[in-house]
Amino acid sequence: MAVASLTRDLLAWIDERPRTYGETMDAWRTHCPRLSIWEDALLDGLVRVEGRRITLTARGEAALARSTTLSAAG
């Protein structure tokens, strides 16, 4: 699964350090239907909400690794 640039940015941001749900919503939630990065990542199974914490799923980790490898090779 190829991920869009902003989705990769979201995944990398979450992967940097533990993030809370509130922090993530402040940084990534939008009401613009054309810019639904958070919602798309959640629906695509790339991230999950665990209580108040946001984490990458195995699928999200794999997508981030692939996109990072492609960026380095490109």
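Every number here is computed from the coordinates shown, using simple stated rules; none is lab data. The model shown is predicted, which means the values in this text are computed figures rather than measured ones. Heads up, the Cβs are rebuilt from the backbone with ideal geometry, glycines too, and the neighbour counts pull from every protein chain shown.
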I need the full set of residues from segment 28-47 which are within 13 Å of Asp15 (Cβ to Cβ) and not in a loop (DSSP other than H, G, I, E, B), in order please. Ala41, Val47
Those residues of segment 7-36 which are within 18 Å of Thr68 (Cα to Cα) and surrounded by 14 or more Cβ atoms within 10 Å (Cβ to Cβ) amount to Thr7, Arg8, Asp9, Leu10, Leu11, Trp13, Ile14, Asp15
If Met25 passes every condition in (1) out of contact with any strand residue (DSSP E or B) (no Cβ under 6 Å at 6 or more places or on another chain); (2) not in a helix (DSSP H, G or I) but one, which one does it miss? (2)
So in segment 37-54, with the set limited to residues that are in contact (Cβ under 8 Å) with a residue 24 or more places away in the chain, in contact with a strand residue (DSSP E or B) (Cβ under 9 Å, 6 or more places away or on another chain) and of a type in the set (D, E, K, R), which one is farthest from Arg66 (Cα to Cα)? Arg52
